[in-house]
1. Using a 7 Å offset from the Cα along the Cα-to-Cβ direction at both A24 and L114, what is the distance between the two label points in nm, to one decimal?
2. Where the centre of each part is set by its Cα atoms, how far does segment 53-93 sit from segment 22-48, in angstrom?
3. With the contact rule set at Cα under 8 Å and sequence spacing of 6 or more, what percent relative contact order holds for segment 13-107?
Amino acid sequence: MAAINIESLDELGKLLDEPQKKMAWIKLDKNSKKLATTIFVDEILTSLYELSPENVNICKDLLIDLINKKKLSKAKDIIFNIEEHRIEKIPCLTFENNCFHIATEKRPATSKSLPNMKNFVRTNPNKTLGNKHKLSFDNEDT
């Protein structure tokens, strides 16, 4: 095993964070995702939409809340650059009328994929089947 000289806690932290930075978005832990989203808001969204400090805080809170609820966990939700360890774009995030919105996928209703139960005819076991009748024998002593 190779020996590594670590002179300070900062170097230890950098050494431990290095493998974490080369991971895809879905492999990152929550803290790394939160840090990446705050950097994205500060660097990209602030200049793109000319946000006020109040809107910056609202956007950060929204994105952190979505990460906590695991709504931004898929790779298609966020375009993430692995080499630079930064978010390039969030396609579902829109800014209209000083308000941020997240577009969600619309899934088809489950009831539409189920068969129509009105079309099924249920047969009663006591009814006749074709020309065959059920025979019943009664013991009659006459």
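Where a number appears in this text, it was derived from the coordinates with a stated rule and is not lab data. This is a predicted model, so every value here is computed, not measured. Positions of Cβ are backbone-derived with ideal geometry, glycine not excepted, and every protein chain shown enters the neighbour counts.
1. Result for the modelled spin labels: 3.5 nm.
2. 6 Å
3. On the way: 84 pairs, mean separation 27.2, N = 95.
Here the relative contact order equals 29 percent.
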